[in-house]
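The values are calculated or read from the model by the stated rules, or taken from the named source; none is laboratory data. Fair warning: this is a prediction, and the values are worked out from it, not measured in the lab. Quick reminder, even Gly has a Cβ in these numbers, built from the backbone with ideal geometry, and neighbours come from all protein chains shown. Heads up: the accessible areas ignore ligands, DNA and RNA and are worked out on the full protein's heavy atoms, side chains in. Shrake-Rupley method; radii C 1.70, N 1.55, O 1.52, S 1.80 Å.
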Amino acid sequence: QVQLVESGGGLVQAGGSLRLSCAASERTFSNDAMAWFRQAPGKEREFVAAIRWSGGGSYYADSVKGRFTLSKDNAKNTVYLQMNSLKPEDTAVYYCAASGVVRTTTDVINYWGKGTLVTVSS
């Protein structure tokens, strides 16, 4: 059982920045991919970004490409989502997720964190 704990959410003005962290209790072969999803009120959960503990590039949704940067610290079992140039439409609960493969769909997710709220004011 992999436990994921998010932190770093909060209230920020449009154009501002936030950094989210996701600490995993362990890294496993079957949960090599770490991802962020978000869910705005009344909307479905959507993919934001993903990265593999084992290496390789990062993957981003078109809506955040160029503004968000995903990184990892294997020694700390932690992934970071740096969010710059935030927009009101980025307001959502952000969830950390672990899976065996990198995909933009939620059906492959093995573990979810409880989420952290990001609110961007205009």
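Do we have VAL102 as surrounded by 15 or more Cβ atoms within 10 Å (Cβ to Cβ), under 18 Å from SER7 (Cβ atoms) and either of a type outside the set (Val, Ile, Thr) or in contact (Cβ under 8 Å) with a residue 24 or more places away in the chain (or both) here?
On the way: surrounded by 15 or more Cβ atoms within 10 Å (Cβ to Cβ): yes; under 18 Å from SER7 (Cβ atoms): no; either of a type outside the set (Val, Ile, Thr) or in contact (Cβ under 8 Å) with a residue 24 or more places away in the chain (or both): yes.
Judged against the criteria, VAL102 is not a match.
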Item to check | Only one of LYS76, LYS87 that is open to solvent by 60 Å² or more (accessible area, probe 1.4 Å), in contact with a Lys or Arg (Cβ under 9 Å, 6 or more places away or on another chain) and at pLDDT 95 or above | outcome: LYS87
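I'd like to check something: does region 28-38 contain any residue that is basic (Lys, Arg), modelled with pLDDT of 95 or more and either at negative phi or in a loop (DSSP other than H, G, I, E, B) (or both)?
The initial filter retains those residues of region 28-38 that are basic (Lys, Arg), namely 38.
Checking the rest, the ones that are also modelled with pLDDT of 95 or more come to 38.
Next, only the ones that are either at negative phi or in a loop (DSSP other than H, G, I, E, B) (or both) stay: 38.
Yes; the residues of region 28-38 include at least one that is basic (Lys, Arg), modelled with pLDDT of 95 or more and either at negative phi or in a loop (DSSP other than H, G, I, E, B) (or both).
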Checklist entry - Is there any pair linking a residue in region 2-21 that is closer than 13 Å to TYR94 by Cβ to one that is small (Gly, Ala, Ser) and open to solvent by less than 20 Å² (accessible area, probe 1.4 Å), with Cβ under 7 Å and at least six apart or on different chains, and which? => result LEU4/ALA24; LEU4/ALA98; LEU4/GLY113; VAL5/GLY113; GLU6/GLY113
Checklist entry - Within region 76-104, restricting attention to residues that are under 12 Å from SER17 (Cα atoms) and among the hydrophobic types (A, V, I, L, M, F, W, C), which residue is nearest to the chain's Cα centre (by Cα)? => result LEU81
